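For reference, the structure is listed below as structure tokens.
A short reminder: the numbers here are calculations on the coordinates, not readings from a lab. Nothing here was measured: the structure is a model prediction, and the numbers come from that model. Reconstructed Cβ throughout: ideal geometry from the backbone, glycine too, with neighbour counts over all protein chains shown.
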Amino acid sequence: MDKKIKPFETKVWLSSPTMHGPELEYVKEAYETNWMSTVGENIHETERLACEKIGCKYAVALSTGTAALHMAVKLAGVKPGEQVFCSDMTFDATVNPVVYEGGVPVFIDTEYETWNMDPAALEKAFELYPEVKVVVVAHLYGTPGKMDEIREICEKHGAVIIEDAAESLGATYKGVQTGTFGTYNCISFNGNKIITGSSGGMLLTNEEEAANKVRKWSTQSRENAPWYQHEELGYNYRMSNVIAGVVRGQFPYLEEHIAQKKAIYERYKKGLQGLPVKMNPYDKENSEPNFWLSCLLIDPEAMCRQVRGEQEALYISEPGKSCPTEILETLAKYNAEGRPVWKPMHMQPIYRMNGFVTREGNGRAKTNAYIMGGAMGEDGRPLDVGMDIFQRGLCLPSDNKMTAKEQEIVIEIIRGCFE
């Protein structure tokens, strides 16, 4: 490592909010007009902007993306004990709402081309669990999955798609915005997303009845009566007019943020050439990500020895090699934030007893084989793709306020880890 590199005076973040000014004006408007609760012009306008941008008929502004996913699972009719296919390599907010309704997640392995749900594994899963009628698909780090293949498989088996587009707002697949491929779709405005409200999310659908149900459920299922009348279970899930003001002010800057994120991705790709690493991939012919996070995958032969427990990791540094733990710890020393990629759901203690399906069938035996000996499938790929990406991958500082000079230093730090 170059001894001349000094820690950043101001922290270089993974992905922090980027504010512009109009957000504050809309929040001030909510304050001055006293519309501070879960009704108001900001909510109506934010829902309109979402429909206009994404191309759906109805949008319901909710308190979080997780709330939107919960409402989607409820709309899909998931009942206690019913199994639901879910993306394996994702944040657990994709999966937890299935459990809120008593459903049982079955995890579908990842494919290397997009780091998203593997259509071949999904097809295999329907052979093993033909009764499943709901599939929850996430687009990892803003990169669309293979939606034509996934949708064709789901249609063949009569399954409803819930699309978790929390990370992929503004990304397109074959020219179509993510957030439109499922019957029920969800986006997030969490503080680190491509645009933010500090919190918040939306349920997107083309079904008017579904949108109306969510509007009712999310306001404690209050009936149209002069008193508080309740005939079914409700939730306090509606977005506030204050949060909606922030989202409303952010929407005009979505394309600008995407362009900034793409430039970061391209600078990493160019600056890391010659190292035994690859950037997180996408299908250049069919998709355009929003490049929310730039990620790195270290080549297998360039991995130094690394062991991860439930909450700690150890590694042994080796010349010419590195590992995610070493790179992340080194970045932290220089006041830059990176993160491990999402730990697959089938590896999480809470879900380790759930079903897990790879393209070659029952994934539990495959995972054990991979842990014990790095076993490979017939196509020469690791039997557990999500685990392999988790072991070798990491998320790089991707904040769109990071300057090109700061990114050059981050790249130099990464390169130093392989010396």
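Dividing the Cα convex hull volume of the range 1-106 by residue count, how many Å³ per residue is that?
It is 202 Å³ per residue.
Treating each Cα of the chain as an identical point scatterer and ignoring solvent, apply the Debye formula and state log10 I(q)/I(0) at q = 0.06, 0.11, 0.12 Å⁻¹.
Taken in order of the listed q values, log10 I(q)/I(0) reads -0.25, -0.84, -0.99.
Roughly what percent of Cα-Cα pairs across the range 189-305 reach past 20 Å?
Counting every Cα pair in the range 189-305, those more than 20 Å apart make up 64 percent.
Relative to 2.2 N^0.38 Å, what does the C-alpha radius of gyration of the range 76-207 come to as a ratio? Two decimals please.
Numbers: Rg = 13.8 Å, N = 132, 2.2 N^0.38 = 14.1 Å.
That works out to 0.98 for the range 76-207.
Calculate the dipole size of the range 38-78 relative to its Cα centre from +1 charges on Lys and Arg beta carbons and -1 charges on Asp and Glu beta carbons; express the result in debye to the nearest 20.
Dipole about the Cα centre, nearest 20: 200 debye.
Tell me which of Cys323, Leu169, Ala244 sits at the most positive position along the dipole axis of the chain, charges placed on C-beta atoms (Lys, Arg +1; Asp, Glu -1).
Cys323
So what is the diffusion coefficient of the range 180-248 in µm² per second by Stokes-Einstein at 37 °C and 0.692 mPa s, using a Kirkwood Rh over Cα pairs?
The diffusion coefficient I find is 244 µm²/s.
With the calculation restricted to Cα positions, what are the radius of gyration and Dmax of the range 109-185 in angstrom?
Gyration radius and largest Cα-Cα distance of the range 109-185: 11.7, 35 Å.
Not counting the cut sites, what is the longest span of the chain without chymotrypsin sites (Phe, Trp or Tyr not before Pro) that DSSP labels loop and that have at most 11 other Cβ atoms within 10 Å? Could you put the intermediate results ahead of the total?
Working: sites that count: Trp227, Tyr228.
The answer is 1-226.
As an exercise, find the ratio Rg/Rh for the range 22-251 from alpha-carbon atoms, using the Kirkwood inverse-distance average for Rh.
0.99
Relative contact order of the range 22-251, please, whole-number percent, based on alpha carbon pairs below 8 angstrom and at least 6 residues apart.
Details: 520 pairs, mean separation 66.2, N = 230.
This gives 29 percent for the range 22-251.
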